[in-house]
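J.: Please see the structure below; I have some questions.
The values are calculated or read from the model by the stated rules, or taken from the named source; none is laboratory data. On a predicted model such as this, the values are computed, not experimentally measured, just so you know. Here the Cβ is made from the backbone with ideal geometry for all residues, glycine too, and neighbour counts use every protein chain on show.
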Amino acid sequence: MRLIFMTSLTMIAFAVNSILNRLAVDSEIIDPSSFAMVRVGSGALVLWVILNVKSSESLTFEKAQFLGALSLAAYIISFSLAYATLDAGLGALILFGTVQISIFGWSALWGTRPSMLQICGAGLAFIGLLIALWPADNKISNMSGVWLMIIAGIGWACYTIIGKTAKDPLVTTTATFVIATPIVTVFFLNGEIFMTQFGVIAALFSGAVTSAFGYMLWYSVLPQLKSVTASVVQLSVPIIAIVAGSLLLDEAVTGTIIISVFLVLGGILIAIISPKIKVDHL
């Protein structure tokens, strides 16, 4: 029960990141580059403070953490830029659809081979997402946003895969954020900077709360999840984003959306309860 609660809380944090980023950038209260820099910087600061206050472990930097930081930086940079042209629901669909495909591919080659039930569950969940957003009122006018979100999805998939080996979630998450901060800052160093008070608040909340705590929670539950399950469960994020968008942004929830929710949740349930398969690619 605790694992289900922690995983659900993490998925909500992921969805809030999508909503905050899209809302802030689309409302032009902050530019994408500033949002990304404030987000990763505030996340690193909060995690560093928590590590020094709550943990006896010291901050260490290992090879896996550098790889995780590169993956995190690629995700945050692409994620922020993509939401300049994509809406929250469509962006989340592309992001976590890419994550699912990437982790499924990795699992098939190097990890736990997906069972037929897991494949069917993932397929059912993905169909549910397509139903929710197709035909979409949001026409994709700029394909660069799509490609950027695909890059973000690959980056997040790598971050997720690397996280399965994390021994201490707090130390590992802090290290990846600390390393990723200068990478993101240097990338946007010559970019156009624009921010308002509310834009900074949105970015700070995204970094210090939903990213710092959300990713720490994610790294704490990952070792307890099969790779395939970890990929499929993230397909709930676009649905959460759609529902939250309806409640917070006054977006309509149609019968199609309701059907898609049942399909996604049903697919996730099938993938989670399916029997284990022997690992034959380690």
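J.: Does residue 247 satisfy the condition of being touching a residue at least 40 places away in the same chain (Cβ under 8 Å), part of a helix (DSSP H, G or I) and of a type outside the set (D, E, K, R)? Give the steps one after another, and end with the answer.
T.: Numbers: touching a residue at least 40 places away in the same chain (Cβ under 8 Å): no; part of a helix (DSSP H, G or I): yes; of a type outside the set (D, E, K, R): yes.
Judged against the criteria, residue 247 is not a match.
J.: When only residues in the stretch 114-145 that are surrounded by 15 or more Cβ atoms within 10 Å (Cβ to Cβ) and in a loop (DSSP other than H, G, I, E, B) count, which is modelled with the highest pLDDT?
T.: Per the criteria, the residue is 115.
J.: Give the residues of the stretch 201-217 that are polar (S, T, N, Q) and closer than 15 Å to residue 48 by Cα, sorted by residue number. If you could, list the steps in order and put the result at the bottom.
T.: Filtering the stretch 201-217 for residues polar (S, T, N, Q) gives 206, 210-211.
If the condition is that a residue be polar (S, T, N, Q) and closer than 15 Å to residue 48 by Cα, then 211 is the only one that fits.
J.: Tell me which of these residue 173 doesn't satisfy, since it passes every other one: (1) modelled with pLDDT under 90; (2) surrounded by fewer than 16 Cβ atoms within 10 Å (Cβ to Cβ); (3) not acidic (Asp, Glu).
T.: Result: residue 173 passes all but (2).
J.: Residue 52 passes all but one of (1) under 23 Å from residue 18 (Cα atoms); (2) modelled with pLDDT of 80 or more; (3) surrounded by fewer than 24 Cβ atoms within 10 Å (Cβ to Cβ); which number fails?
T.: Of the numbered conditions (1) under 23 Å from residue 18 (Cα atoms); (2) modelled with pLDDT of 80 or more; (3) surrounded by fewer than 24 Cβ atoms within 10 Å (Cβ to Cβ), the odd one out for residue 52 is (1).
J.: Also, I was wondering about something else. Return the residue satisfying two criteria in turn: it lies in the stretch 55-78 and is of a type outside the set (Phe, Trp, Tyr) and outside any helix (DSSP H, G or I), and of such residues it is surrounded by the fewest Cβ atoms within 10 Å (Cβ to Cβ). Step through it out loud before you land on a result.
T.: Residues of the stretch 55-78 of a type outside the set (Phe, Trp, Tyr): 55-60, 62-65, 67-74, 76-78.
Of the ones still in play, those that are also outside any helix (DSSP H, G or I) are 55-60, 62.
Values: 55: 13, 56: 5, 57: 13, 58: 8, 59: 15, 60: 11, 62: 12.
Among those residues, the one meeting the criterion is 56.
J.: Just a yes or no: is a residue in the stretch 85-105 of a type outside the set (Gly, Ala, Ser), over 30 Å from residue 118 (Cα atoms) and under 13 Å from the mean Cα position of the chain (by Cα)? Explain how you work it out, then say what you get.
T.: Quick first cut of the stretch 85-105, residues of a type outside the set (Gly, Ala, Ser) only: 85-87, 90, 93-96, 98-101, 103-104.
Going one step further and asking which of them are over 30 Å from residue 118 (Cα atoms), we end up with 85.
Next, from what is left, pick out any that are under 13 Å from the mean Cα position of the chain (by Cα): none.
Checking the stretch 85-105: not a single residue is of a type outside the set (Gly, Ala, Ser), over 30 Å from residue 118 (Cα atoms) and under 13 Å from the mean Cα position of the chain (by Cα).
J.: Out of the residues in the stretch 58-86 that are at pLDDT below 80 and hydroxyl-bearing (Ser, Thr, Tyr), which is nearest to residue 156 (Cα to Cα)?
T.: Restricting to residues being at pLDDT below 80 and hydroxyl-bearing (Ser, Thr, Tyr), the top hit is 60.
J.: Taking the condition assigned to a helix (DSSP H, G or I) and either within 21 Å of residue 11 (Cα to Cα) or among the acidic types (Asp, Glu) (or both), does residue 95 pass? Please lay out each step first, then the result.
T.: Values: assigned to a helix (DSSP H, G or I): yes; either within 21 Å of residue 11 (Cα to Cα) or among the acidic types (Asp, Glu) (or both): yes.
Yes.
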